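Comments concern the structure below.
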Amino acid sequence: MTFMVMRGQVGDFDAWKERFDSDPPRARESATGYSVLRSADDPGEVFVQVEFPTREDAEEGRRRLVESGVLERLEEHTGPTLCEQVASVRL
């Protein structure tokens, strides 16, 4: 399992979320799930984690996202970065 993670300053969260949900670049086409977190201090700052079954699927999702140009619409962003999970604990 591989994750694609990123942080972005999206401005209007509701407008961004609508575009995110429609997934025009089809970056999440082979994803098995995702999480969207919003900063408690700045509602325009979001953190996204997308889960893919394989690294190849994650690489393809990242390629589609980057090549689509949608990241240029953000005020600023970091990622998308591919990560492998090494631990997960729920208490």
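In contact with a strand residue (DSSP E or B) (Cβ under 8 Å, 6 or more places away or on another chain), among the hydrophobic types (A, V, I, L, M, F, W, C) and touching a residue at least 40 places away in the same chain (Cβ under 8 Å): does that describe Val10? Full working, then the answer.
Values: in contact with a strand residue (DSSP E or B) (Cβ under 8 Å, 6 or more places away or on another chain): yes; among the hydrophobic types (A, V, I, L, M, F, W, C): yes; touching a residue at least 40 places away in the same chain (Cβ under 8 Å): yes.
Judged against the criteria, Val10 is a match.
Considering only residues of the range 8-22 that are among the small types (Gly, Ala, Ser) and part of a helix (DSSP H, G or I), which is least open to solvent (accessible area, probe 1.4 Å)?
Ala15
Name the pairs whose Cβ atoms lie under 8 Å apart, with the first residue in the range 71-87 and at negative phi, the second open to solvent by 70 Å² or more (accessible area, probe 1.4 Å) and part of a loop (DSSP other than H, G, I, E, B), and 6 or more positions between them or separate chains?
Glu84/Met1; Gln85/Met1
Do we find that Thr2 is in contact with a strand residue (DSSP E or B) (Cβ under 8 Å, 6 or more places away or on another chain) and open to solvent by 50 Å² or more (accessible area, probe 1.4 Å) in this structure?
no
Any residue in the range 49-71 that is touching an Asp or Glu at 6+ places or on another chain (Cβ under 6 Å), surrounded by fewer than 16 Cβ atoms within 10 Å (Cβ to Cβ) and outside any helix (DSSP H, G or I)?
No, the conditions are met nowhere in the range 49-71.
Could you pull out the residue among Ser30, Ser88 that is assigned to a loop (DSSP other than H, G, I, E, B), at pLDDT below 95 and among the polar types (S, T, N, Q)?
Among Ser30, Ser88, only Ser88 is assigned to a loop (DSSP other than H, G, I, E, B), at pLDDT below 95 and among the polar types (S, T, N, Q).
The values are calculated or read from the model by the stated rules, or taken from the named source; none is laboratory data. These figures come from a predicted structure and were not determined experimentally. When we count neighbours, we look across all protein chains shown, and the Cβ atoms used for this are built from the backbone with ideal geometry, even at glycine. Calculation scope for accessible area: heavy atoms of the full protein, side chains included, ligands and nucleic acids excluded. Shrake-Rupley method; radii C 1.70, N 1.55, O 1.52, S 1.80 Å.
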